[in-house]
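All remarks here apply to the structure that follows.
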Amino acid sequence: MVTKTTTSVFIFSLILLFSNIIHGQNIKWTQYSDVPKNMLAHKIISVDESGIYVYQASRKIKRLAKYTFGLQLITEKEIPIDSKISNIEHIEITSSEAVVYFSMYNSIDARHGLFYLKIPHNGQAVLPPKNLINQENVPSKGKSLFQIVSPKDQSYQVVTHFYENLKSESVLSVAYYNPQLEKITEKTVSIPSNTIDMALKQYLLDNDGNLYALFVCGDKFKNSGDNTRQFIRIIRISKSDIKYRITDLNDENLMLTSAFMGLEKATNKIVIAGFYSTGSSSLIQGTFISYYSQDSEQMAPLNHQPFTGSFLARIKTLVGEKSGRKNSEFEVKQIIVRSDGGAVLAAESFYTSVQSYIQYSQGFPMTRYITYYHFDEILTLSIDPDGTIDWHQVIPKKQVSTSLSDVHSFAMARTPEKLWFVFHDTNIGKGAMVQYNISNKGDLSSIFTSPPDLTGTYMFPIDAKQVSSKSLLIPAMRGRKFGLIKITY
């Protein structure tokens, strides 16, 4: 989500948020003053000098609420769309209005449409919603993905749609719109995918508005043994002339398993970094880094370094302890581009396990299966521009659930001196909160575990938003009450 420009007034207001600011780190829970009856979900959409915009939903109502920094309700606007047949894709907050993008899928016509609804700050929703895009020939909704990407100044919007066709060609559609949502230009890219799986991981805009889409690709025929078939694919769409270029990043000796992009703003260079494995092993063996040059529109040679023997043995031990795992891998979740062009990666171990049990129905035994989702250790590394691993750390974490819940994974904040990681840890106890930090030199330490004043509070870390250089807001729930946790570093 894109927010409006932060000002000095905004930063001053954040200092007052939640009060009780003490010397050093402070953590505080505050409840919303007013919420919909039987609310089920909430998410921070935007924060500016005037307040906090929050999306809230119950079974009957979807609304966009604006709160003061003390979480007193300022305004609330209903979002009049039917949640049974629509899915909210994105909410954009501008200086004059909120724009709600939502999709609707028609299985009979195999059509996936994207619509928008404008809600002025000084009025109610402008009805009816308007149709922005219709994607035809989409037989499977699960493979059809809309995303909206915006620059910080909100001078244009990029609407993307990717449909992965497992049998023939996958299609990437990109359209640029002005702030009034009038189409400027569009481009459709067809990519043969009958032998290759293409998993869309990320979109990124550079300083000139060019769009980059990153895919992790793999051979559908797993027994080929060809490492070049496990690679990273970058599709670049030029904003000026809407031309596209497909570039593959691969190595004949490596299988590139996970990656993320970042922008080096000073040079407008795209940094791509991630993990690789070798041979038939799915266990990561080291890291790689590369760059996309704007001048040549080419990928720089891939630089990589294997893990040391002791660090690799530690990873093997961690993976080996995961009893009953169906699969396990470290997935890159965030990247920070260093001032020298290097990168810091934050990755998370994710795997599934299946447990069977016997259940009797009318005297007859029946086998049932339960799938468990595991969100475990956080792996953090700093990589030099030449591929050398500067430092690495493993943060211990254990999370398990029978559903893909928002209370899992972690929140990350970046202050001038450190990286901070906040999460629940089921190893310690139900709802237990843990926080770690890593210095610029790679030194790891833990700060707090289960603060007493947060007992019984569950946070939703994947929806956290860093709102200033030293403030992190995390949506949370205590009992049946909803609110925010603010951490001040």
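Rounded to the nearest 20 Debye, what is the dipole magnitude of the chain about its Cα centre when Lys and Arg each give +1 and Asp and Glu each give -1 at the C-beta?
Charge dipole of the chain: 1560 debye, to the nearest 20.
For region 338-483, how many pairs of lysine residues have a Cα-Cα distance under 25 Å, where the two are 8 or more positions apart or belong to different chains?
Lysine pairs satisfying the spacing and distance rule in region 338-483 number 16.
Would you please give the FRET efficiency between TYR244 and ASP425, computed as 1/(1 + (r/R0)^6) with r the Cβ-Cβ distance and R0 = 45 Å, to the nearest 0.05?
0.55
Output the direction-averaged projected area (hull surface divided by four) of the convex hull of the alpha-carbon atoms of region 228-370, in nm².
13.0 nm²
Which FRET efficiency value, to the nearest 0.05, do you get for LEU73 and THR455 by plugging their Cβ-Cβ distance into 1/(1 + (r/R0)^6) with R0 = 30 Å?
0.70
Average projected area of the Cα convex hull of region 53-97, in nm²?
3.7 nm²
Taking the Cα centre of each part, how many Å lie between region 229-293 and region 364-416?
Between the Cα centres of region 229-293 and region 364-416 lies a distance of 22 Å.
With a point put 7 Å past each Cα toward its Cβ, work out how far LYS316 is from THR402 in nm, to one decimal.
If labels sit at LYS316 and THR402, their model points lie 3.6 nm apart.
DSSP loop (so not H, G, I, E, B), at most 16 other Cβ within 10 Å: list which GluC sites (Glu not before Pro) in region 109-191 pass both filters.
Qualifying residues, ordered by number: GLU136, GLU182.
Place a point 7 Å from the Cα of GLN25 along the Cα-to-Cβ direction; which residues of region 457-474 have their backbone N under 13 Å from it?
The answer is 471-472, whose backbone nitrogens lie closer than 13 Å to the label point.
Below 8 Å, C-alpha to C-alpha, sequence gap of six or more: please give me the relative contact order for region 35-122 in percent.
Relative CO of region 35-122 lands at 17 percent.
At 0.36 nm per residue, minus the direct Cα-Cα distance, what do GLN362 and SER95 gain on full extension? Give it in nm, one decimal, please.
Length gained, GLN362 through SER95: 89.8 nm.
Where a Cα-Cα gap under 16 Å defines reach, which aspartates and glutamates qualify for LYS62, not counting those fewer than 8 residues away within the same chain?
ASP34, GLU76, GLU78, ASP82, GLU89, GLU92
Work out from phi, with θ = phi - 60° and the Karplus expression 6.51 cos²θ - 1.76 cosθ + 1.60, the ³J(HN,Hα) of each residue of region 368-374, listed in order in whole Hz, and give x for Gly and Pro.
With the stated coefficients, region 368-374 comes to 10, 10, 10, 9, 10, 9, 10 Hz.
Does region 104-239 classify as rounded, prolate or oblate by the C-alpha gyration tensor (a ≥ b ≥ c root eigenvalues; a/c under 1.5 gives rounded; else a/b over b/c gives prolate, otherwise oblate)?
oblate
Which value, to two decimals, describes the C-alpha radius of gyration of the chain once divided by 2.2 N^0.38 Å?
That ratio works out to 1.00.
Could you check the simple spin-label distance between ARG59 and TYR156, using points 7 Å along Cα→Cβ, in nm with one decimal?
Result: 4.6 nm between the two label points.
Taking a point 7 angstrom from the Cα of SER446 along the C-beta vector, which residues in region 375-414 have backbone N less than 19 Å away?
Flagged as within label range: 375-380, 393-400, 408-413.
Quick one: how many lysine pairs does region 233-388 have with C-alpha atoms less than 30 Å apart and a gap of 8 or more or different chains? Give me the count, please.
Summing the qualifying lysine pairs gives 11.
Which residues in region 242-275 place their backbone N less than 17 Å from a point set 7 Å from the Cα of THR185 along the Cα-to-Cβ direction?
Answer for region 242-275: 242-246.
Mind jotting down the distance between the C-alpha centroids of region 470-487 and region 26-60, whole Å?
Between the Cα centres of region 26-60 and region 470-487 lies a distance of 9 Å.
Would you mind ranking MET299, MET433 so that the residue whose beta carbon has the fewest other beta carbons within 10 Å leads the list?
Least to most surrounded, the residues fall as MET299, MET433.
In whole Hz and in residue order, list the ³J(HN,Hα) couplings for region 383-389 that follow from phi through the Karplus curve 6.51 cos²θ - 1.76 cosθ + 1.60, θ = phi - 60°; x for Gly and Pro.
10, 6, x, 8, x, 5, 7
At what distance in nm do the modelled label points of ILE370 and ASN122 sit from each other, each positioned 7 Å from its Cα along Cα→Cβ?
Computed distance between label sites ILE370 and ASN122 equals 5.6 nm.
Can you compute the FRET efficiency between LYS481 and GLU252 using 1/(1 + (r/R0)^6), with r the Cβ-Cβ distance and R0 = 41 Å? Round to the nearest 0.05.
E(calc), rounded to 0.05, equals 0.15.
Region 103-125 to region 329-348: how many Å between their Cα centroids?
35 Å
What trypsin sites (Lys or Arg not before Pro) does region 88-164 have in DSSP loop regions with at most 11 other beta carbons within 10 Å?
Filter output for region 88-164: LYS152.
Using the number of other C-beta atoms within 10 angstrom as an exposure proxy, rank VAL35, VAL332 with the fewest first.
So the residues, fewest neighbours to most, are VAL35, VAL332.
Kirkwood hydrodynamic radius for region 331-489: how many Å is it when counted over pairs of different Cα atoms?
The Cα-based Kirkwood calculation yields 17.4 Å.
Under 19 Å from the Cα of LYS220, which aspartates and glutamates turn up, not counting those fewer than eight places away in the same chain?
Leaving aside aspartates and glutamates fewer than 8 places away in the same chain, those within reach of LYS220 are GLU164, GLU169, ASP197, ASP248, ASP251, GLU252, GLU329.
Would you list VAL47, VAL149, VAL467, VAL126 from fewest to most Cβ contacts within 10 Å?
Placing the least packed residue first, the sequence is VAL126, VAL149, VAL467, VAL47.
None of the figures in this text is laboratory data; all of them are computed from the coordinates on show. Everything numeric in this text was worked out from a predicted model, so none of it was measured. Reconstructed Cβ throughout: ideal geometry from the backbone, glycine too, with neighbour counts over all protein chains shown.
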